[in-house]
Amino acid sequence: MRQRPDGVRVLTMDRPGRHNAITDELFTALVDELEAIPEDRRVRAVVLTGANGTFSAGGDFDTLTTLGETSEAKVAEQLSRTMRASALLWALPQPTFAAIDGAAVGAGMSLALACDIRVASPASILLPSFIHMGLVPDSGASWLLPRLIGEGPALQMLLAGRPVDAARAHQLGLVSQICADPLAVALELAAQYTRRPQAAIATKRLLRAVAAGDLATAIDVEAVAQAAAFHSGEFTAAFDAWRTTRTVN
């Protein structure tokens, strides 16, 4: 976490050697940060990014394998608690920006989608990898993606589970700009918002107030479905294959 003098709070996912894969601890730390931001008058905008040339490789399966050894109810409770980072990010009154370099995979993609504006490098990809692991979309993807591109394209993207490159993401409207240095551009965009009247924040609050549906409820539903998926033979087989190759088909 870094607080800039211009009022921009920078949240950086940083797990060297793990492509910023998300553990329960990282999710919890992000939740703690996001819970404190709405009441922090110093924060006028938020930028979420990943270190080491990658946004996030998604859930760290090396730490998630124990979920299959816990009851589905307890897994659903745990997932709801940690995955609500997306709901907190979405609900922030301040404008939010995702600076995407490299891959945004699975839950990492969901976190990017929960931001208001996404800026990506030419080499970046969005990868909804859930289907390859025998899992369902989580961290809000089932609510966020259809909202952004429509239910049909979202379902096709989630079922295909193929990488979406920066050009295609821009065409779909998933990223607003492609640039060589997405963090620098995101920081400049965020700084521009901090210099605008408070009406900029009020406008976002208005859009959220009139939007139909509830992301937090969607995440609770996802958590129950994902807990069941973690206990399925499909996930076990997919994880065993992934542990051997460290790739998804």
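Looking at (1) open to solvent by 40 Å² or more (accessible area, probe 1.4 Å); (2) in contact (Cβ under 8 Å) with a residue 40 or more places away in the chain; (3) under 20 Å from LEU207 (Cα atoms), find the lone condition where ASP101 falls short.
Condition (3) is where ASP101 drops out.
Any residue at all in the stretch 37-45 that is crowded, with 24+ Cβ neighbours inside 10 Å, within 14 Å of the chain's Cα centre (by Cα) and either small (Gly, Ala, Ser) or not in a loop (DSSP other than H, G, I, E, B) (or both)? Write out each step before concluding.
So the first thing to find is which residues in the stretch 37-45 are crowded, with 24+ Cβ neighbours inside 10 Å, and the list is 45.
Now narrow it down to the ones that are within 14 Å of the chain's Cα centre (by Cα): none.
No: the stretch 37-45 contains no residue that is crowded, with 24+ Cβ neighbours inside 10 Å, within 14 Å of the chain's Cα centre (by Cα) and either small (Gly, Ala, Ser) or not in a loop (DSSP other than H, G, I, E, B) (or both).
Whether any residue in the stretch 66-73 is of a type in the set (D, E, K, R) and open to solvent by 30 Å² or more (accessible area, probe 1.4 Å) is what I want to check.
yes
Okay, residues lined up against (1) modelled with pLDDT of 95 or more; (2) farther than 26 Å from ALA227 by Cα; (3) of a type in the set (Lys, Arg); (4) open to solvent by 20 Å² or more (accessible area, probe 1.4 Å):
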{"position": "CYS115", "(1), (2), (3), (4)": "yes, no, no, no"}
{"position": "LEU126", "(1), (2), (3), (4)": "yes, no, no, no"}
{"position": "MET133", "(1), (2), (3), (4)": "no, no, no, no"}
{"position": "ALA141", "(1), (2), (3), (4)": "yes, no, no, no"}
{"position": "ARG147", "(1), (2), (3), (4)": "no, no, yes, yes"}
{"position": "ASP165", "(1), (2), (3), (4)": "yes, yes, no, yes"}
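Between residues in the stretch 130-149 that are more than 16 Å from GLY108 (Cα to Cα) and residues that are of a type in the set (D, E, K, R), which pairs lie under 8 Å by C-beta distance while being six or more apart or on different chains?
So the pair list comes out as GLY134/GLU234.
Mind checking which pairs have a first residue in the stretch 215-234 that is open to solvent by 40 Å² or more (accessible area, probe 1.4 Å) and a second that is outside any helix (DSSP H, G or I), Cβ under 6 Å, 6 or more apart or different chains?
ALA225/VAL136; GLU234/GLY134
Name the single residue, out of those in the stretch 16-36 being polar (S, T, N, Q) and within 16 Å of MET83 (Cβ to Cβ), that is surrounded by the fewest Cβ atoms within 10 Å (Cβ to Cβ).
Checked the stretch 16-36; the qualifying residue surrounded by the fewest Cβ atoms within 10 Å (Cβ to Cβ) is THR28.
Pick from LEU79, LEU34: which is closer than 29 Å to ASP165 by Cα and either touching a strand residue (DSSP E or B) at 6+ places or on another chain (Cβ under 6 Å) or in contact (Cβ under 8 Å) with a residue 60 or more places away in the chain (or both)?
Unique residue meeting the criteria: LEU79.
List the number of the failed condition for SER110; all other conditions in (1) buried (at least 24 other Cβ atoms within 10 Å of the Cβ); (2) in contact (Cβ under 8 Å) with a residue 40 or more places away in the chain hold.
(2)
Looking only at the stretch 1-15, count how many residues are at pLDDT below 90 and surrounded by fewer than 17 Cβ atoms within 10 Å (Cβ to Cβ).
Residues flagged as at pLDDT below 90 and surrounded by fewer than 17 Cβ atoms within 10 Å (Cβ to Cβ) within the stretch 1-15 amount to 5.
Please go through the stretch 92-137 and pick out each residue that is in contact with a helix residue (DSSP H, G or I) (Cβ under 7 Å, 6 or more places away or on another chain), over 25 Å from ASP32 (Cβ atoms) and hydroxyl-bearing (Ser, Thr, Tyr).
SER121, SER124
The values are calculated or read from the model by the stated rules, or taken from the named source; none is laboratory data. No experiment lies behind these values; they were computed from the predicted model shown. Please note: Cβ atoms are built from the backbone with ideal geometry, for glycine as well, and neighbour counts cover all protein chains shown. We work out accessible area using only protein heavy atoms, side chains counted, and drop any ligands, DNA or RNA first. Shrake-Rupley method; radii C 1.70, N 1.55, O 1.52, S 1.80 Å.
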